[in-house]
Amino acid sequence: MCGIIGYTGGKEAEGIIVDGLEILEYRGYDSAGIAVSQKDGSVQIRKCVGRVRDLRSLCRKGEIQGTCGIGHTRWATHGGVCDANAHPHRFGKVTVVHNGIIENYRGLAKKYNLQDRLRSQTDSEVAAAVLAHFYNGDPFAAIRKTVLKLKGTFAFGILFEDISEAIFAVRNVSPIVIGQVQEGSMLASDVTALGQYTKEYFVLPEFHVAVLKKEGVELYDMSGEPAEPEWMTVSWDVDKSSKGGYPFYMEKEIMEQPQVIAETVQPRICGGMPDFGVDGIPDNLFEDCKRICVVACGTAMHAGLVGKALMQSLVRIHMDVELASEFMYTDAIVDEETLVIAISQSGETIDTLEAVKYAKKNSAKTLAIVNVRGASVARASDYVIYTNAGPEIAVASTKAYTTQLAVLYLLTGRMAYVRGSFGETEAKSFASQLLLAPEAMQQVLDRKEEIHYIARSILNAKDVFMMGRGLDYSILLEGSLKLKEISYIHSEAYASGELKHGTIALITEDTPVVAVVTQSKLQSKEFSNIKEVQSRGAGVILFMKETFELDKEAAWESVFQLPAMEDSFMVMPASAALQLLAYYVSLDKGLDVDKPRNLAKVVTVE
Ligand code: F6R
């Protein structure tokens, strides 16, 4: 978590850095800060608790001039949220911004007698102090000696007080991308912050040192030998990173789904068949595996659960979905016959990345489904399928989730075909249904005001339960997470049949229940389970496939009829409806929809 940025070049640095921090704010928004190097090498720092807009006002009050600087937006890990713990941290001649966690910071503080000399409670200041300890005019030697002492993850932007107008960068695990811009160079935690200045960038290789100067970027390995950056091109428009007239990114991103799903699916359907030729994935990857294991966190893990339901019933292959954060700590059993699929929007979630490394160490084949090009999870995996969702800025994931689902449908179709569960006709028909998903979702989005109206009935609820079976249950887990994270209403998704094994004790007339019923073979059981909660006084909001028959006698709180697709694909329109429900609750509560409390978009700490 945390966002870092740096700029050196021909222009004033402050505006460029603060604008960049605003883009990176989704990575953390507890505090923000900036350090600008002056012509004489001295460094000015401004930092404060709060949002980047607070930093902007602070900078306005006390002007900060100079054409080389670094900035940081923080998600607190070590040390509370206060000005002193905000970055940048200066120690002696060294000023740093840091993303990551230095696990051995206490030991280092003791070893170098830093205890009484630190001004913050952060691990990052300790790293600055160790750098300062080793710095005697040779920045490379100081960086080399310091990283050898550090345990943990880090992405550092570093200013040395007597080296004016140069930024040094080094990283382990936590990301840094670097670009050359007109008359200068920039670094950032992710490419969206560079997008308006350059489309060409490279990912700083781990344990390499980059030196950013006005004239360009130099890259060295740890032995000081020059290295060649691997340049890449940003694949999305800068315009796609703006709110496009919507009050929040989340609404914009929900509304973009029909388009980005089409962009994810269409290139992967050839001659009517699901096909991963564009991704260079050979069919034997799907033929040779005996089981599949998904590793992912949060929303991405929920996408995996939908994938599991599809794969098991249509491909008839054993599939597990594991929380990436638990995967290696439970000594997960994977081997050369396991295909491990890592799903991640950012491609930087540390648990998912570590799970991929564990899988590889255990000889499994690895396939990443990632949104951000060149991200760590993509690079660590044997194969990668990129979702073409474009930049997802709202902390709550929406379009990344449904494009992950789209890829999982394609994988299901291709795997079923190559493993013989589908003939060509069935595979083609499956692909053609998927091509209809954007239109079905559009029909839901066009009725967003109906869902806005429905959302009012849970606005003041303390708890909301969600119930469904099979695929409906899988998507409700995600619907419930969405509601929790952006509205702060406690919510739980339950497999309908499981409620009466304990949890139904919590159902009263004050507990709204959201039910999703889209699966033909399960509908009668679903409706009986719904009756059970209605009998306990719960008001039920029903999202139902439009072709199912509604019990008009029952007292529904509200009913939203979902456009009909084949049952396996109902996940797509239903997901859009649940996203809108959570969005409108948060909006009408007057919350900051895009930046819910305590969260960050990219989770780079374990
Ligand atoms: C919730 C959300 C998170 C992420 C999770 C994994 O809306 O976005 O649960 O899904 O932190 O992140 P990625 O997909 O970047 O690995």
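The values are calculated or read from the model by the stated rules, or taken from the named source; none is laboratory data. Note that the structure is a prediction, hence the values are computed from the model and not measured. Virtual Cβ from ideal backbone geometry, glycine too; neighbours counted across all protein chains shown. What goes into the accessible areas is simple: the full protein's heavy atoms, side chains included, and nothing from ligands, DNA or RNA. Shrake-Rupley method; radii C 1.70, N 1.55, O 1.52, S 1.80 Å.
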Area of residue 556 that stays accessible when all protein chains are in place (1.4 Å probe, Å², to 10): 50 Å²
Separation of alpha-carbon centers, segment 479-529 and segment 335-370, rounded to whole Å: 32 Å
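With every protein chain kept in place and ligands, DNA and RNA left out, what is the accessible area per residue of segment 138-206? Probe 1.4 Å, answer in Å². List each step's numbers first, then the result.
Working: 2080 Å² over 69 residues.
For segment 138-206, the solvent-accessible area averages 30 Å² per residue.
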MRE, 222 nm, helices only [DSSP H, n ≥ 4, -39500 (n - 2.57), over the chain, to nearest 500]: -10500 deg cm²/dmol
Kyte-Doolittle mean at least 0.0 and Cα axial length at least 18 Å: DSSP H helices in the chain: 298-310, 399-418, 424-445, 471-487, 571-588
Cross-link reach list, lysines versus residue 61, counting only Cα pairs under 25 Å and skipping chain neighbours closer than eight places: 11, 39, 47
Aspartates and glutamates with Cα under 16 Å of residue 111, excluding same-chain neighbours fewer than 8 positions away: 103, 123, 125
Cleavage-rule hits (trypsin sites (Lys or Arg not before Pro)) in segment 543-606: DSSP loop, at most 16 neighbouring Cβ within 10 angstrom: 552, 589, 597
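At a 10 angstrom cut-off on C-beta neighbours, averaged per residue, how do the peptides 379-391, 184-196, 486-498 rank from highest to lowest?
Values: 379-391: 21.8, 184-196: 26.0, 486-498: 20.3.
Per-residue mean Cβ counts within 10 Å order the peptides as 184-196, 379-391, 486-498.
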Sites residue 520 and residue 40, calculated FRET efficiency, Cβ-Cβ separation with R0 51 Å, nearest 0.05: 0.10
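Carbon and sulfur atoms: what percent of the 1.4 Å accessible area of the chain do they account for?
On the way: 10770 of 22510 Å².
Ligands and nucleic acids excluded, carbon and sulfur give 48 percent.
Give me the count of lysine pairs in segment 167-257 whose alpha carbons sit under 28 angstrom apart, restricted to pairs 8 or more positions apart or on different chains. Show your work: numbers first, answer last.
On the way: 199/213; 199/214; 199/240; 199/243; 199/252; 240/252; 243/252.
Taking the Cα cut-off of 28 Å, the pair count is 7.
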Those trypsin sites (Lys or Arg not before Pro) in segment 405-471 that DSSP places in a loop and that have at most 13 other beta carbons within 10 Å: 462
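Over all directions, average the projected area of the Cα convex hull of the chain and note it in nm².
Details: hull surface 109.5 nm².
Averaged projected hull area, Cα only: 27.4 nm².
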Förster radius 51 Å - calculated FRET efficiency between residue 382 and residue 460, Cβ distance, rounded to 0.05: 0.55
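How high is the relative contact order of the chain, in percent, with contacts defined as C-alpha pairs under 8 Å that are six or more residues apart? Please list the in-between numbers first.
On the way: 1381 pairs, mean separation 71.9, N = 606.
With pairs under 8 Å counted, the relative contact order is 12 percent.
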Student exercise, segment 311-430 dipole from Lys, Arg, Asp, Glu Cβ charges, in Debye to nearest 20: 440 debye
Count of lysine pairs in segment 343-493 with Cα separation under 25 Å (8 or more residues apart, or interchain): 10
Translational diffusion of segment 549-594, µm² s⁻¹ [Kirkwood Rh, Cα pairs; Stokes-Einstein; 25 °C; 0.890 mPa s]: 191 µm²/s
Spacing of the two label points (7 Å from each Cα toward its C-beta) at residue 172 and residue 140, in nm: 2.1 nm
Neighbour net charge for residue 380 - beta-carbon separation under 12 angstrom, K R +1, D E -1: 0
Pairwise label distance in nanometres, residue 121 with residue 531, each label 7 Å out on the Cα-Cβ vector: 5.6 nm
Residues of type lysines that residue 110 reaches as a straight line, Cα spacing below 20 Å, ignoring anything fewer than 8 places off in the same chain: 145, 149, 151
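Between residue 361 and residue 606, what's the calculated FRET efficiency when r is the beta-carbon distance and R0 is 22 Å? Round to 0.05. Walk me through the numbers on the way to the answer.
Working: r = 17 Å, r/R0 = 0.78.
Here the calculated transfer efficiency is 0.80.
Quickly rank 42-52, 521-531 as a protection proxy: mean count of other C-beta atoms within 10 Å, highest first. Intermediate results must be reported in sequence, preceding the final value.
Numbers: 42-52: 19.0, 521-531: 17.2.
So the order, starting with the most tightly packed, is 42-52, 521-531.
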Separation of alpha-carbon centers, segment 409-463 and segment 198-213, rounded to whole Å: 39 Å
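From the P(r) of segment 114-175, can you give the percent of Cα pairs sitting at distances over 19 Å? Could you put the intermediate results ahead of the total?
Working: 569 of 1891 pairs.
Summing the P(r) tail past 19 Å for segment 114-175 gives 30 percent.
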Length gained when the stretch residue 490-residue 449 is fully extended (0.36 nm per residue, less Cα-Cα span): 12.4 nm
Rounded to 5, the percent of DSSP beta bridges in the chain classed as antiparallel: 60 percent
Protection proxy ranking, peptides 306-314, 363-371, 103-111, 571-579, average beta carbon neighbours within 10 Å, highest first: 571-579, 363-371, 306-314, 103-111
Beta bridges by DSSP in segment 208-366, antiparallel share as percent, to the nearest 5: 40 percent
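Quick one: compute the contact order of segment 378-498, relative version, from alpha carbon pairs under 8 angstrom and 6+ residues apart, as a percent. Numbers along the way, then the final one.
Working: 81 pairs, mean separation 21.1, N = 121.
17 percent.
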Share antiparallel - DSSP beta bridges, segment 265-348, percent rounded to 5: 15 percent
